[in-house]
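One structure below.
The values are calculated or read from the model by the stated rules, or taken from the named source; none is laboratory data. Here the structure is a predicted model, which means the values were calculated and not measured. Don't worry about glycine lacking a Cβ; one is built from the backbone with ideal geometry, like all the others, and counts go over all protein chains shown. Surface accessibility is based on the protein's heavy atoms, side chains included, excluding ligands, DNA and RNA. Shrake-Rupley method; radii C 1.70, N 1.55, O 1.52, S 1.80 Å.
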Amino acid sequence: MATWAWVIDGQSVYCQDGLPHRHFIPTDSTAIDHQSALALNIDLSAGEFISYRMLVSSLDIHLACQLSCAIQQIHHQNTHKYCSYCGTAFLTATSHTCPNCHHHSYPIISPCVITAVIRPNPTTQKTQILLAKHHRHTSIYSLIAGFVEMGETLEMAVCREVAEEVGIKINTPNYSGSQAWPYPSNLMVGFVARYHSGDIVLQADELADARFFDIDNLPAIAPKGTIARKIIDKICSSDG
């Protein structure tokens, strides 16, 4: 069965004229990797591969989800070629069931929490947001984020990550939204929490800086299309 498929190279998507472009291929897969496309003699000379991070700000939610799914699908295929239980090779790239022991291997989705901590400015009472600059993204400030650990609820993970990264305590976090994030297979779950107590103490190996900013005087922040930006914009608009 032939179908239209996205061509994926790592976390990048094949585009033409800056827009994601699908190819009609002689398989039933909705996504193929770069090498498979070349093996099928698909002509990629008219376009280029663009990082999902660069594309996401211009995508509607439905297309963003499609491309995130495609990237995660290819990642799963490339990292799960053998049964994790008995080591037998899967019969096809899209198979989820081991032909030997019948163990089921489904794509792994890793939950992460991302949190906006807010408080009133101690002097002016204007709303402030805690923003952090990570060593790996030195040009922008974003929200506190991290992976959920085994045995944790999402709320427990939020409180732990905030305490670990900036050393402060927060009140009960409130859910704010979620986003599929294919780096490589994350589900970002967003929260907003009010500052409770403590002084900022950086986790030095993670953060280069962290501080509270007034909502009308923010630094360079996460780009549009990211859940971090959506949460920040929602706080700013509700307080504007």
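A few notes on this one:
- Pairwise centroid distance, computed over Cα atoms, of the stretch 175-195 with the stretch 1-41, Å: 28 Å
- 5 angstrom amide H check on residue 209, placed H, neighbours 5+ away: 133
- Fraction of beta bridges assigned by DSSP in the chain that are antiparallel (%, nearest 5): 75 percent
- Pairwise FRET efficiency - residue 175 versus residue 199, Cβ, R0 = 22 Å, nearest 0.05: 0.20
- DSSP-assigned coil residues among trypsin sites (Lys or Arg not before Pro) in the stretch 128-202, each with at most 12 further Cβ atoms within 10 Å: 136
- Relative contact order (%) - criterion: Cα under 8 Å, at least six apart; region: the stretch 55-196: 23 percent
- Rounded percent of accessible protein surface that carbon and sulfur make up, the stretch 99-240, 1.4 Å probe: 55 percent
- Take residue 148: with every protein chain present and a 1.4 Å probe, its accessible area is about 30 Å².
- In the context of the full protein assembly, residue 30 retains an accessible surface of approximately 70 Å², using a probe radius of 1.4 Å and ignoring ligands and nucleic acids.
- The charge dipole of the chain, taken about its Cα centre with unit charges on the Cβ atoms of Lys, Arg (+1), Asp and Glu (-1) only, comes to about 300 debye.
- The amide H of residue 97, built 1.01 Å from its N in the peptide plane, has 105 as neighbours under 5 Å, considering only residues 5 or more places off or on other chains.
- Dipole axis of the chain (+1 Lys, Arg; -1 Asp, Glu on Cβ), positive-most option in 198, 30, 90: 198
- Only Cα pairs under 8 Å and 6+ residues apart enter the sum, and on that basis the relative contact order of the chain stands at 18 percent.
- Annotation: the antiparallel percentage among DSSP beta bridges lying fully within the stretch 110-219 is about 75.
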